[in-house]
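Inspection log for the structure reproduced underneath, given as structure tokens.
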Amino acid sequence: MLAIVRGLQNTALALVLAFLATVASVGVVLFQDDLSVVFSSWADGKPKMMVKLEIPVPGVGADFCYVAVMRFPGRLRPTKANELEMVHSGRHGPGETVVVRELHRAIVAEESYDPRTGEYGVEYYEPVEYLAMVLCVGGGGTEYKYGRVHQVFPRSLVWTHRVEVELVEEKSGRKAESPSAGHVALVSSADGVTSITAPVSCDLGSVPSICSGEHVRRECFTYVKGPVLRSLEGLTTSFAIYGQADPRPSVVYLEAYYDIVPALAPDLCRREPEWKSAGKKEVVALADSEAYPLSGNMRDRVYLGVTFVYTQGCYSDPFTGGFCWWSIHPTDVSSVRRSEQLVADGTLPWYMLELASYDPHPPVVPSYVREAADYVKKIPFAPPRLTDNILADIGVAFTVTVEWKWVSFSLAISFYGAGRDDGYYTTPYVRVENPAWRTYRWWYKDDDPMTYELFFKWK
């Protein structure tokens with residue numbers, strides 16, 4: 001069977017054929033200069049592809065708008081400093097369309113196959129992940145904001161991704177909901193805004209005031225809610241992830257947050273971020289990890305040990321002052337544990353214990369049931385897909401010392417029903433141990449791997 005094509009490992013002939021096939025399928029859509037830049041990289045033996053972000057700035061009642069695009073570092077697509085990197089920042093007029101171009105190595109992440117011809121093609125190249133933010137400023141301190149994580153899956157050598165901007169109007173200093181989020185970015189000390197209990201914390205340390213203009217990066221570690229794990233009398237189950245030492249590390253999707261404000265805001269030096277959801281972000285497992293096994297007719301909640309990155313910085317504009325921004329995003333998963341373990345060692349309060357017995361006879365066995373009798377079986381959550389379904393969330397109390405002031409805010413971090421399974425990444429899995437070698441039945445909840453839940457029943 002033909003091996004998966006992986007970027008620079010292709011022969012020169014395979015590269016040229018892939019390039020010509022791509023151009024033939026989309027040639028009329030591409031601009032000549034984009035084609036020439038990409039073609040030149042292939043001719044030089046360093047094949048690249050181009051991602052184009054089209055960002056239409058809404059024609060709102062604003063004087064001007066700032067557009068900021070930052071790229072997240074990835075295992076296969078690192079940034080220069082291996083941190084969130086600004087690739088575009090500028091002032092634009094309402095109604096203008098901003099185009100951001102970036103060249104990347106042409107790494108094939110997933111192949112397509114045509115059974116009629118027996119030919120392989122490119123399903124998509126290794127994705128690129130961006131944080132796109134828009135801030136429009138009008139008279140009287142009115143601000144229109146947008147922020148969203150965009151994971152771009154390029155399907156040709158020149159790929160255009162359109163960013164659909166939905167701005168939220170708010171007055172300076174007022175907290176608002178994100179239009180793209182399924183819930184509010186909840187702040188524990190907010191003035192009148194609904195707050196949530198945050199059973200876990202994440203200390204970011206000390207940072208300078210935002211009005212210093214310094215680019216700042218801080219990290220912290222905490223546990224966030226994942227899926228539910230079930231077992232069965234006679235079976236032992238455990239939730240696990242593959243780490244970066246494996247050929248294909250596991251990937252999950254968790255919540256990210258942002259804020260962006262005018263640099264000339266009169267209260268900038270005293271201003272705290274008004275956090276808004278930026279949606280789901282891909283998070284790669286750092287190391288192999290397996291939660292403590294579960295046995296009997298029991299269920300428990302899985303928690304993910306996650307490192308979060310806090311960044312802040314400013315962009316200067318000589319005419320309008322520019323903007324300042326903050327972000328918090330998950331960067332890697334290094335461990336998985338169950339609520340029973342975390343309560344036992346004091347990481348979680350006792351009321352977060354979700355270990356409980358359940359009746360294994362209902363639910364009724366569905367038509368899509370599968371059978372196994374292996375002593376050990378690893379069940380992945382595949383085939384995956386990208387959805388915005390929130391499976392679980394937890395309040396995390398982030399703390400940071402801004403110069404002399406201690407600030408605490410609670411954000412709802414969601415675990416999404418989304419995943420990847422291709423040539424470079426895969427999903428978490430459940431390890432099932434069956435000492436009696438008996439035949440058991442198993443199925444995904446709702447016949448959907450992206451629920452990250454399994455049911456078991458003896459045959």
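Bear in mind that the values in this text are calculations on the coordinates, not laboratory data. Keep in mind the model is a prediction, meaning the values are calculated, not measured. Note that each Cβ is placed from the backbone with ideal geometry, even for glycine, and that neighbours are counted across all protein chains shown.
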* To do: Using R₀ = 56 Å, calculate the FRET efficiency as 1/(1 + (r/R₀)^6) where r is the Cβ-Cβ separation of residue 103 and residue 357; round to 0.05.
  => 0.50
* **Label point 7 Å beyond Cα of residue 451 along Cβ direction - residues of segment 227-245 with amide nitrogen under 16 Å** => 227-231
* Relative exposure of 442, 458, judged by other C-beta atoms within 10 Å (fewest first) -> 458, 442
* Structure fact -> Pseudo-spin-label distance residue 233 to residue 317, built 7 Å along Cα→Cβ, given in nm, is 6.8 nm
* Asked: Within straight cross-link reach of residue 459, meaning Cα distance under 27 Å, which lysines are found once same-chain residues fewer than 8 apart are removed?
  -> 377, 378, 445
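Give, as a single signed number, the net charge of other residues whose beta carbon lies under 13 Å from the beta carbon of residue 159, with Lys and Arg counted +1 and Asp and Glu -1.
Details: positive: 48, 52, 101, 155, 162; negative: 34, 54, 102, 123, 126.
So the surrounding residues net to 0.
Sorted by mean Cβ packing within 10 Å, highest first, what order do the peptides 214-224, 350-360, 246-256 take? Write out the running numbers ahead of the final one.
Working: 214-224: 17.3, 350-360: 13.2, 246-256: 22.3.
With the highest mean Cβ count within 10 Å placed first, the list reads 246-256, 214-224, 350-360.
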* Could you check the simple spin-label distance between residue 81 and residue 142, using points 7 Å along Cα→Cβ, in nm with one decimal? => 3.6 nm
* CD proxy at 222 nm, helix term only [per DSSP H run n ≥ 4: -39500 (n - 2.57); per residue of the chain; nearest 500] -> -2000 deg cm²/dmol
* To do: Would you kindly derive the ³J(HN,Hα) couplings of segment 345-350 from the backbone phi angles with the Karplus curve 6.51 cos²θ - 1.76 cosθ + 1.60 (θ = phi - 60°), listing them in order in whole Hz, with x for Gly and Pro?
  => 9, x, 5, 10, x, 4
* To do: Treating cross-link reach as a plain straight distance, find the lysines whose alpha-carbon is under 21 Å from the alpha-carbon of residue 276, omitting any fewer than eight places away in the same chain.
  => 145, 171, 175, 225
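If R0 is 60 Å, what FRET efficiency do you get for residue 201 and residue 458 from their C-beta distance, rounded to 0.05?
Values: r = 42 Å, r/R0 = 0.70.
My answer for the efficiency is 0.90.
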* Cα-based reach from residue 80 at 18 Å (exclusive), listing lysines while leaving out same-chain residues under 8 positions away -> 48
* To do: Provide, for q = 0.10, 0.18 Å⁻¹, the log10 of I(q)/I(0) from a solvent-free Debye sum over equal Cα point scatterers in segment 315-459.
  => -0.56, -1.34
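At a 10 angstrom cut-off on C-beta neighbours, averaged per residue, how do the peptides 101-109, 397-405 rank from highest to lowest?
Those peptides, ordered most packed to least, come out 101-109, 397-405.
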* To do: Search the structure for amide H atoms under 5 Å from the amide H of residue 226, placed 1.01 Å from N in the peptide plane, and list their residues when 5 or more places away or on another chain.
  => 302, 303, 304
* Asked: Where in segment 317-350 does the amide nitrogen come within less than 15 Å of the point 7 Å from the Cα of residue 264, taken along Cα to Cβ?
  -> 317-324
* Structure fact -> Amide H contacts under 5 Å for residue 426, restricted to residues at least 5 apart in sequence or on another chain and with H modeled in the peptide plane, are 250, 251
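Mean projection of the alpha-carbon convex hull of the chain over all orientations, in nm²? Numbers along the way, then the final one.
Details: hull surface 100.5 nm².
For the chain, the mean projected area of the Cα convex hull comes to 25.1 nm².
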